[in-house]
1. If I ask for residues that are free of Cβ contacts under 8 Å to residues at least 24 places away in the same chain, farther than 13 Å from residue 38 by Cβ and surrounded by 13 or more Cβ atoms within 10 Å (Cβ to Cβ), which ones from segment 71-90 would you list?
2. Only one of (1) assigned to a helix (DSSP H, G or I); (2) within 20 Å of residue 109 (Cβ to Cβ) is not met by residue 35, so which one is it?
3. Hey, can you tell me all the residues within segment 44-70 that are under 14 Å from the mean Cα position of the chain (by Cα), more than 14 Å from residue 93 (Cβ to Cβ) and surrounded by 13 or more Cβ atoms within 10 Å (Cβ to Cβ)?
């Protein structure tokens, strides 16, 4: 009976470890997906800024949401458009659709 209890405890510890590892892998995958979507979005937004302005994205203000059932992501953030000595803060939003290993921009707008 003691061996059975020890085996049960060992299985419980193995299961807890497995769940923790899966959670870490899932978190890493979500973070990679967010970085990928954000980079794609920033590229779409940067194309909309008129020369000679330059763009600086504020990563700390970026928000990401993903709906795995629809394969859609929403990225919202802030950017500074630099034109000579002047700077203007804008908000941007992208609605993206995951297609295979790449993204399709359904919406990419600067507000």
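1. First pass over segment 71-90, keeping only residues free of Cβ contacts under 8 Å to residues at least 24 places away in the same chain: 74, 76, 78, 85-90.
Those still in the list that are farther than 13 Å from residue 38 by Cβ too: 85-90.
Correct list: 90 only.
2. Every condition holds for residue 35 apart from (2).
3. Residue satisfying the conditions is 66 alone.
Every read-out reported here was derived from the displayed coordinates using simple, explicitly stated rules and does not represent laboratory data. Just so it is clear, the model here is predicted, and its values are computed rather than measured. Cβ atoms come from the backbone with ideal geometry, glycine included; neighbour counts cover every protein chain shown.
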